[in-house]
């Protein structure tokens, strides 16, 4: 189920446990999610870039609404504009047409309400694990006291079981540990929207499975109020983590092909879920959508 584990090597022994939320809180959270306000509102967004060969349109006329507390995955073939679309939410890419709202405000650039985790971790190699998180907290939460910033940093490290490694440099860590630092850094600044750009793509299957569980544990600890957008190529990852999966057509000028609901009850047991008929139906549907040579005209 959605629970945190002590280390990637123990995932098979702990995947069936759930210590994240009491049942009463789960029920209240699920009920609240139904009537949740919009966290992200993408309105008729087109993104084009000037190139030596002319104008390249990455995504075209995309509209998508995401409720507060939802986990949404963006999937599709390479070059279909998944990262481009997510970067319009982050504010690192400006739409050529259309508007993106985050927390009911127009996105005009990056902001502390949107945290980002990349596949390459983006850690500063000359800083320790502790310093990598503290620097982020210090730069974003300028009105906090130093004691509060220290507490946030320590709490972030302990949430992902990295406190014993706080004085290590990134070069001394495994890939999974580096990604846990990146996720702890993102959660420590407490953004209401978390953007994950293929964060687990370079990890081995066992470590990836462990990271899924740790991510959901942190989401649960936040009472499922944090909105998460995940870019991935992994169907199993998308189904296990998400409430909905957004399938994009092939680029250029990619559009949304279909949005597939994932009505699987939470918390989810990773060991048993693959035998659920509904899981298998969703998996086959997504696989069919990705295997088909999609075009923007079909």
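The values are calculated or read from the model by the stated rules, or taken from the named source; none is laboratory data. What you are looking at is a predicted structure, and each value in this text was computed from that prediction instead of being measured. Note that each Cβ is placed from the backbone with ideal geometry, even for glycine, and that neighbours are counted across all protein chains shown.
Of these, 184, 147, 210, which one is free of Cβ contacts under 8 Å to residues at least 12 places away in the same chain and in a helix (DSSP H, G or I)?
It is 147.
On the basis of being touching a helix residue (DSSP H, G or I) at 6+ places or on another chain (Cβ under 7 Å) and over 18 Å from residue 136 (Cβ atoms), does residue 195 make the cut?
no
Only helices (runs of 4 or more DSSP H) wholly contained in the stretch 1-119 count here; list those with 2 or more residues that are under 30 Å from residue 285 (Cα atoms) and at pLDDT 95 or above.
82-90
Quick check on the stretch 151-173. Is at least one of its residues over 24 Å from residue 209 (Cα atoms) and surrounded by 19 or more Cβ atoms within 10 Å (Cβ to Cβ)?
Yes, the conditions are met somewhere in the stretch 151-173.
With the condition kept exactly as written, say whether any residue in the stretch 254-264 is at pLDDT 90 or above, closer than 23 Å to residue 83 by Cα, in contact with a helix residue (DSSP H, G or I) (Cβ under 9 Å, 6 or more places away or on another chain) and buried (at least 22 other Cβ atoms within 10 Å of the Cβ).
Yes; the residues of the stretch 254-264 include at least one that is at pLDDT 90 or above, closer than 23 Å to residue 83 by Cα, in contact with a helix residue (DSSP H, G or I) (Cβ under 9 Å, 6 or more places away or on another chain) and buried (at least 22 other Cβ atoms within 10 Å of the Cβ).
So if I check each of 243, 138, 234, which one is modelled with pLDDT of 95 or more and surrounded by fewer than 20 Cβ atoms within 10 Å (Cβ to Cβ)?
Answer to the selection: 243.
Give all pairs with beta carbons closer than 8 Å in which a residue from the stretch 220-240 that is within 13 Å of residue 82 (Cβ to Cβ) meets a residue that is surrounded by 23 or more Cβ atoms within 10 Å (Cβ to Cβ) and modelled with pLDDT under 90; count only pairs at least 6 apart in sequence or on separate chains.
Between residues of the stretch 220-240 that are within 13 Å of residue 82 (Cβ to Cβ) and residues that are surrounded by 23 or more Cβ atoms within 10 Å (Cβ to Cβ) and modelled with pLDDT under 90, the close pairs are 230/199; 232/200; 234/200.
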